[in-house]
Amino acid sequence: MHNQTLENKLASKAAYAGAFLFALLIVMFNTMPQNVVLISFVGVAFHVILFPVVAALPAPGWARAAGYGWLVLDIAVNVMQLNGVDEHLATSIRLGGHVSTALWAGSVSLRSNSAMKIVGILFTVAIGGYSLTAPWVPMWGLYPSTLLLVIWLILSGQMLSKLE
C-alpha cells in the first residue's frame, strides 16, 4: 500500500537533514579545505539523503529527472575526488551538474508558496548563473547559492511536512 503522507514525512526529515549536512559542508570547506576524505563522505551523504526530497517535491517528470541527475553526478564527483581525480576536472563536472540543480529547484519553486518561490528562484539564478560564468567569476561568487540552498531545503522540509 502506498502511503504518501509517510513518504512526505520522510522527505521532510530528509530535507532538514540535507540542510544540516550542507551547512556542515560549508563550514568544512572554509575551515578544513584539505580534508578531501571527510568532505567527500559528507558530500556523498548530503546528496544521498536528498533522493526522497526529489521524489516528493511537486515537479514535472523532466524536472525530477534533472534533480536525480544532479544527485548522481555530484555523488560521482565526490567519489572521484576520493580517488584523486584532478580538482579542476571535478569542479567542472560538478558545475555542469549544478545546471540540472537549477532546472529542478526552479521548477519546484515556481509551484511553491511565496517564500519558497522567492528563495528558490534566487537560488536557481545564483547556482545556474555561477555555473555558466565560473571561468570569469571568483569562487566566492558561488557563496550566495550555498546559503540560499540551506534556506530552500528548510522551506522544502516545512512544505513537505504540510502535504497530505
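Things to note:
- Annotation for the range 132-164 versus the range 15-62: alpha-carbon center distance of 11 Å.
- Net charge of neighbours whose Cβ lies under 11 Å from the Cβ of Val108, counting Lys and Arg as +1 and Asp and Glu as -1: +3
- Sorted by Cβ neighbour density within 10 Å, fewest at the top, the residues Ser156, Ser100: Ser100, Ser156
- Label positions at Val125 and Tyr68, each projected 7 Å from the Cα along the C-beta direction, are separated by 3.1 nm.
- Rounded to whole numbers, the Karplus 3J(HN,Hα) couplings from phi for the range 92-103 are 4, 5, 4, 5, x, x, 5, 5, 5, 4, 4, 4 Hz, using 6.51 cos²θ - 1.76 cosθ + 1.60 with θ = phi - 60°, and x at Gly and Pro.
- Extension gain, Trp136 back to Ser161 (0.36 nm per residue minus Cα-Cα distance, nm): 5.0 nm
No value in this document is a laboratory result; all are computed from the given coordinates. Bear in mind the structure is a predicted one, so any value in this text is a computation, not a measurement. Quick reminder, even Gly has a Cβ in these numbers, built from the backbone with ideal geometry, and neighbours come from all protein chains shown.
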